[in-house]
Ligand SMILES: CC(C)(COP(=O)(O)OP(=O)(O)OC[C@H]1O[C@@H](n2cnc3c(N)ncnc32)[C@H](O)[C@@H]1OP(=O)(O)O)[C@@H](O)C(=O)NCCC(=O)NCCS
């Protein structure tokens with residue numbers, strides 16, 4: 001089965017790797033910017049015209065930013081989104097529900113009773129604890145650790161190597177800096193960083 005990746009940058013190529021590991025053949029990348037095509041060509045792939053493909057292949061978003069994924073998903077309202085892509089080297093516990101277009105990279109571990117919305121990205125070696133929810137287009141970057149009973153809002157970002165302690169809420173569109181330890185709820189739209197995490201600025 002083939003798939004189209006939207007976004008031909010580094011994140012898109014990583015998502016293509018996940019898709020291939022899941023058994024898909026990547027039909028090509030859609031990108032309306034000017035990505036470096038050399039890394040695509042080295043893997044035998046190219047940019048494709050979405051109008052020529054619509055309806056023929058499922059699409060997946062290969063865009064690192066959650067807000068960008070949300071905007072592009074709105075723009076591409078008529079395409080069929082791929083079922084969740086879970087890398088075979090990710091570990092999935094029981095009672096995990098992922099929305100369409102969600103990508104789980106290699107080494108990620110999701111435990112039990114986890115709900116993720118659509119177009120969520122869970123990066124390599126990230127851990128998501130029990131009873132946690134992730135809103136649409138949320139992003140958990142590599143090596144981040146999300147404890148149990150956490151609520152991550154839509155399009156929020158958990159930076160690489162950050163820790164979110166149990167029972168907390170990270171609001172919609174909020175950003176947790178790389179390496180932060182989150183000990184209090186993070187308001188919607190806020191950016192926090194550091195140990196313990198404090199509002200940046
Ligand atoms: C927190 C973050 C969102 C701030 O980004 P920003 O608003 O562009 O901030 P700046 O880079 O201008 O830095 C502002 C200040 O915060 C500090 N800072 C930035 N990120 C920090 C972090 N994660 N922890 C602690 N301090 C941080 C900077 O050193 C700088 O301090 P200074 O003014 O004393 O020099 C960003 O640095 C971050 O950590 N994003 C996570 C991204 C990530 O995980 N990427 C990995 C991709 S795989």
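Within region 100-114, can you find the residues that are under 11 Å from the mean Cα position of the chain (by Cα) and either surrounded by fewer than 21 Cβ atoms within 10 Å (Cβ to Cβ) or farther than 15 Å from residue 126 by Cβ (or both)? Please lay out each step first, then the result.
So in region 100-114, the residues under 11 Å from the mean Cα position of the chain (by Cα) come out as 101-105.
If the condition is that a residue be under 11 Å from the mean Cα position of the chain (by Cα) and either surrounded by fewer than 21 Cβ atoms within 10 Å (Cβ to Cβ) or farther than 15 Å from residue 126 by Cβ (or both), then 101 is the only one that fits.
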> Taking interchain pairs and intrachain pairs at least six residues apart, which have beta carbon atoms under 7 angstrom, with the first residue in region 37-66 and over 16 Å from residue 9 (Cα atoms) and without any contact (Cβ under 8 Å) to a residue 40 or more places away in the chain and the second assigned to a loop (DSSP other than H, G, I, E, B) and away from the ligand (no atom under 16 Å from the Cβ)?
Replying inline: 54/78; 54/79
> Would you pick out the residues in region 115-131 that are out of contact with any helix residue (DSSP H, G or I) (no Cβ under 7 Å at 6 or more places or on another chain) and either without any contact (Cβ under 8 Å) to a residue 12 or more places away in the chain or surrounded by 24 or more Cβ atoms within 10 Å (Cβ to Cβ) (or both)?
Replying inline: 116, 120, 121, 122, 126, 128
>> Return the residues of region 60-78 that are in contact with a helix residue (DSSP H, G or I) (Cβ under 8 Å, 6 or more places away or on another chain) and either part of a helix (DSSP H, G or I) or at pLDDT 95 or above (or both); say none if nothing qualifies.
In response: 60, 61, 62, 63, 64
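Kindly indicate whether residue 186 is surrounded by 17 or more Cβ atoms within 10 Å (Cβ to Cβ), touching a residue at least 12 places away in the same chain (Cβ under 8 Å), closer than 21 Å to residue 95 by Cβ and within 16 Å of the ligand (Cβ to nearest atom).
Working: surrounded by 17 or more Cβ atoms within 10 Å (Cβ to Cβ): yes; touching a residue at least 12 places away in the same chain (Cβ under 8 Å): yes; closer than 21 Å to residue 95 by Cβ: no; within 16 Å of the ligand (Cβ to nearest atom): yes.
So residue 186 fails the test.
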> Across region 192-201, what is the number of residues that are within 8 Å of the ligand (Cβ to nearest atom) and buried (at least 17 other Cβ atoms within 10 Å of the Cβ)?
Replying inline: 2
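The values are calculated or read from the model by the stated rules, or taken from the named source; none is laboratory data. Because the structure is a prediction, the values reported are computed rather than measured. Glycine also receives a Cβ, built like all others from the backbone with ideal geometry; neighbour counts cover every protein chain displayed.
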